[in-house]
Amino acid sequence: MDTNTLSARAQILGHTLRQQGRAVGEEAALEVVTRFRAGEDGQPLATLDGALREQGVALDAGALARVAWALLGVPSPRSVRLTSAARGRLTHLVELHDVSLPSRARELGGQLAREETLAPDLLRARPWLGGGQGAREVLAAVFDTEWSGFLSLLGEFGPWVYAPSVADLQTLSHGYAALVRLASGRREADVLAAALRLERDASAGSLLARLEVTDYRGDASSREVRDGTAGLVEAEEAFWAAAARQARHRRDEWAARRGEGRGPAASPHD
């Protein structure tokens, strides 16, 4: 994580502590954040607790967890109470857009410009496109390199994906649903540890952290410790790997067809 991002997280820490009637200086906050991110896998709360105590701040378990989630981009964990219908939408398609023309890609990108995770999600599966672009530009670039497909939001708090076919979309949907089901049976500390590890590996953050704004895990008081973080990191990494494989295959396929003399206005479905 670069210095600017660490500084931003340190500011979040300072703000979160002030909300709880505590305070640390800027340098102390930066030290706490650095230690939290570099701490031992599987023990993020213990690492955070130790770093804060060294700065003279002692928090109860609930407050400590809220601070940890805030440092992972979740300022209000479990603040969204899910109805039965909303719980079902966590693992089902919430939005589906058939993108078949360049003009449609640009139009849709403009309509969805306020979707903060759309561009980062599409770029995460396509590192060759670079970064720092808005939804309109990213979706246009995806269309230009992969042609027609389906832009979809997998779950109300899930990722945006661009898949070339219904079958490919179903593959990604099943992979994300598997992650949600797996995480829903784990303790908060285990999901937190997995989310932190995933964020270390990808600055775009974790899908597990996005879910944490809801009460999707229900009452975790009776959950067994034995599972820990096993499978959580692997499940999310497998999802993104599948999205990247689809995008890479589609990009290479379309590039080959265009190289055969079929101009950019030709559809690969001809």
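For this structure, a couple of remarks:
- Residue within segment 204-213 that is in contact with a strand residue (DSSP E or B) (Cβ under 7 Å, 6 or more places away or on another chain) and either crowded, with 24+ Cβ neighbours inside 10 Å or assigned to a loop (DSSP other than H, G, I, E, B) (or both) present: yes
- Any chance residue 233 is within 23 Å of residue 173 (Cα to Cα), in contact with a Lys or Arg (Cβ under 6 Å, 6 or more places away or on another chain) and either aliphatic (A, V, I, L, M) or at pLDDT below 90 (or both): yes
- Checked against the criterion of being assigned to a helix (DSSP H, G or I), at pLDDT 95 or above and open to solvent by less than 40 Å² (accessible area, probe 1.4 Å), the candidates 172, 151 yield just one match: 172.
- So residue 27, is it in a helix (DSSP H, G or I), acidic (Asp, Glu), open to solvent by 30 Å² or more (accessible area, probe 1.4 Å) and without any contact (Cβ under 8 Å) to a residue 12 or more places away in the chain: yes
- Residue in segment 97-115 that is over 17 Å from residue 195 (Cβ atoms), more than 25 Å from the chain's Cα centre (by Cα), at pLDDT 90 or above and open to solvent by 70 Å² or more (accessible area, probe 1.4 Å) present: yes
- Considering residues of segment 119-148 that are closer than 21 Å to residue 256 by Cβ and either charged (D, E, K, R) or touching a Leu at 6+ places or on another chain (Cβ under 7 Å) (or both) only, the residue surrounded by the fewest Cβ atoms within 10 Å (Cβ to Cβ): 144
- Within segment 72-94, one or more residues are in contact (Cβ under 8 Å) with a residue 40 or more places away in the chain, at negative phi, open to solvent by 80 Å² or more (accessible area, probe 1.4 Å) and assigned to a helix (DSSP H, G or I).
The values are calculated or read from the model by the stated rules, or taken from the named source; none is laboratory data. What you see is a predicted model, and the numbers here were worked out from it, not measured in a lab. As a convention, Cβ positions derive from the backbone with ideal geometry for all residues, glycine included, and neighbour counts pool all protein chains shown. We work out accessible area using only protein heavy atoms, side chains counted, and drop any ligands, DNA or RNA first. Shrake-Rupley method; radii C 1.70, N 1.55, O 1.52, S 1.80 Å.
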